[in-house]
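J.: Structure incoming, see below.
Each value in this text was obtained by applying a stated rule to the coordinates, not by laboratory testing. Source: prediction; values computed, not measured. We place every Cβ from the backbone using ideal geometry, glycine too, and count neighbours over all the protein chains shown.
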Amino acid sequence: MAVGLGNYGLLGPNDQQRYTDALAQLQLGSVEEQPGTMPEIGPSPDFNANVSQPFNERSSLEQAWGTYGVLWPVVHQQLGVDPQLGNGLLEVLPSVPSGQSTVSATAIRVGAGTIDVTATHSGTNWTTTMTSRLTCTLHVGATLPAGSNIKSVSLNGSPVAYTVRDGNSGRQVLVSTTCGSTDQVQVVTG
């Protein structure tokens, strides 16, 4: 459900975040049998936590798809990381969830390198700061609400040509540069 909602840009606390928070709680909260894993059935009125069940009545201990329900929504849909390294391209087009002013992660493994991404939103300003330790073409920018009017776009403080793509998750504004440094893209709407 978290991935499905993210496909349509529904990232906020009443949408995708409801599911990513619940999955993270199962992995990191007080119900785990082993840190970082989650049971196939979460505690509910009809099923107690695995730890309190007799061993022969417990649900499966580790579910790989549970981690997918947190990692894919955060890395791909919120941070906008879309590696296409077979074509020499990395796209980073974050979408800050409603009700939040920032989303970020460090040391995201991409190919043979890593990237750091921080996206912020305040009023009419959308800023993405990305550090890459790769060799590739970089499309970096921000995902804005559908129909947003773009007033200006800058790369590292200087005005720059940009591309606009409209899709399910909103209006993507991107600039093209090269990987291998720290770049900051600022989009101002109005």
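J.: Tell me whether region 74-158 comes out rounded, prolate or oblate; compute the Cα gyration tensor, take square roots of the eigenvalues as a ≥ b ≥ c, and use a/c under 1.5 as the rounded threshold. Numbers along the way, then the final one.
T.: Details: a/c = 1.93, a/b = 1.57, b/c = 1.23.
Judged from the Cα gyration tensor, region 74-158 comes out prolate (a/c at least 1.5, a/b above b/c).
J.: Run the numbers on the chain and let me know its relative contact order in percent, using alpha-carbon pairs under 8 Å that are six or more apart.
T.: Working: 408 pairs, mean separation 32.9, N = 190.
Answer for the chain is 17 percent.
J.: Quote the charge dipole size of region 82-189 about the Cα centre in Debye, to the nearest 20; the model charges only the Cβ of Lys and Arg (+1) and of Asp and Glu (-1). If you can, show how the numbers build up before the last one.
T.: Numbers: 5 positive and 5 negative charges, 12 e Å.
Value, rounded to 20: 60 debye.
J.: Multiplying the sequence separation of Asn87 and Ser122 by 0.36 nm and subtracting their Cα-Cα distance, what value in nm do you get?
T.: Numbers: separation 35, 0.36 × 35 = 12.60 nm, distance 3.38 nm.
The Asn87-Ser122 span can extend by a further 9.2 nm.
J.: Hey, got the dipole for the chain? About the Cα centre, +1 on K and R Cβ, -1 on D and E Cβ, debye to the nearest 20?
T.: The dipole of the chain has a size of about 680 debye.
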